[in-house]
Amino acid sequence: MFDVQNLSSGYGDVQVLSDLTFGIGNEVLAVLGANGAGKTTLLKTLAKVLPLRAGALEWDGQQVTHTPAHELSNRGIAYVPQEGNVFPNLSVAENLSLGALVGTRPKDERLDEVYTLFPRLAERKDQRAGSLSGAKVRCWPSGGR
Ligand SMILES: Nc1ncnc2c1ncn2[C@@H]1O[C@H](COP(=O)(O)OP(=O)(O)OP(=O)(O)O)[C@@H](O)[C@H]1O
Ligand SMILES: [Mg+2]
C-alpha cells in the first residue's frame, strides 16, 4: 500500500531520517526504536504533517509525494498525535463531530462506526473530553473516508 523511496526528513538544521526505502503492505506494522530514533518523525513525514526533504511516496500505486496532509486524510492516511489530540473543553460527541468534518462518506455512518468500535465513547458522549482518563482518548472517526 505504501511505497517509500529514499525518504529524508528533519527539522531546521537537524537531519533525522536519511535515505529510507521500504514498503508497507496491508498489515499492522509497529515501528520500534530508541527514544529520539525518529519514529514520530517518520510517521509525521508519511502523513505530511512534516514536509519531506527528499524522496518519493506512493500510496496504492499513486504518487502522493506532493499531496498535502488534508488530501491524504481523505485517502485514509492520517497521523494521530501521541497526546494533546482532543479539545478538552468540548464533549466527546463534539470532538468526534469535528473529526468527522473531513471526508466524503456520510458523517452519521462514520460516527456510528466509531461508537460501535468504542462503545464506552457512546456512554460518555456528553462528557467533557478533558475529563476522560488521561484525556488522551483517540477521538478519530475511522479511515476509508
Ligand atoms: N520539533 C523538533 N525540532 C527539532 N528537533 C526535533 C523536533 N522533534 C524531534 N526532534 C529531534 O528529532 C529526533 C527524532 O525525534 P523523534 O521524536 O522522531 O523520535 P522518536 O523515535 O519518536 O522518540 P520517542 O521514542 O521519544 O517518541 C530527536 O533527536 C529529536 O530531538
Ligand atoms: Mg515519538
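Every read-out reported here was derived from the displayed coordinates using simple, explicitly stated rules and does not represent laboratory data. Source: prediction; values computed, not measured. We place every Cβ from the backbone using ideal geometry, glycine too, and count neighbours over all the protein chains shown.
Things to note:
- Net charge over other residues, Cβ less than 11 angstrom from the Cβ of residue 92 (K, R count +1; D, E count -1): +1
- Judged by the gyration tensor of its Cα atoms, with axes a ≥ b ≥ c, the chain is prolate; a/c meets the 1.5 cut and a/b is the larger of a/b and b/c.
- Each residue of the range 13-22 is assigned a 3J(HN,Hα), and the resulting list reads 7, 8, 8, 9, 10, 10, 6, 7, 10, 6 Hz, derived from the Karplus form 6.51 cos²θ - 1.76 cosθ + 1.60 (θ = phi - 60°), x at Gly and Pro.
- Springs join every pair of Cα atoms under 10 Å in this Gaussian network model of the chain, and among 99, 130, 36 the largest mean-square fluctuation is at 36.
- Nonlocal amide H pairs with residue 7, under 5 Å, H built at 1.01 Å: 19, 20, 21, 56
- In summary, the aspartates and glutamates within cross-link reach of residue 39, defined as a Cα separation below 19 angstrom excluding same-chain residues under 8 places away, comprise 3, 13, 19, 27, 83.
- Dipole magnitude (debye, nearest 20) for the chain, charges at Cβ of Lys, Arg, Asp, Glu: 360 debye
- Segment residue 35-residue 58, extension gain: residue separation times 0.36 nm, minus the distance between their alpha carbons: 5.5 nm
- Size of electric dipole in the range 2-74: Cβ of Lys, Arg +1 and of Asp, Glu -1, about Cα centre, debye, nearest 20: 260 debye
- Look at the dipole of the range 2-74 built from charges on Cβ: of 70, 49, 23, the Cα furthest out on the positive end belongs to 49.
- In degrees, nearest ten, helix 107-117 long axis to first principal axis of the chain (Cα): 90 degrees
- Per residue convex hull volume, Cα atoms of the range 9-77, in Å³: 99 Å³
- In the chain, taking the dipole from charged Cβ atoms about the Cα centre, the farthest positive-side position among 81, 106, 40 is held by 81.
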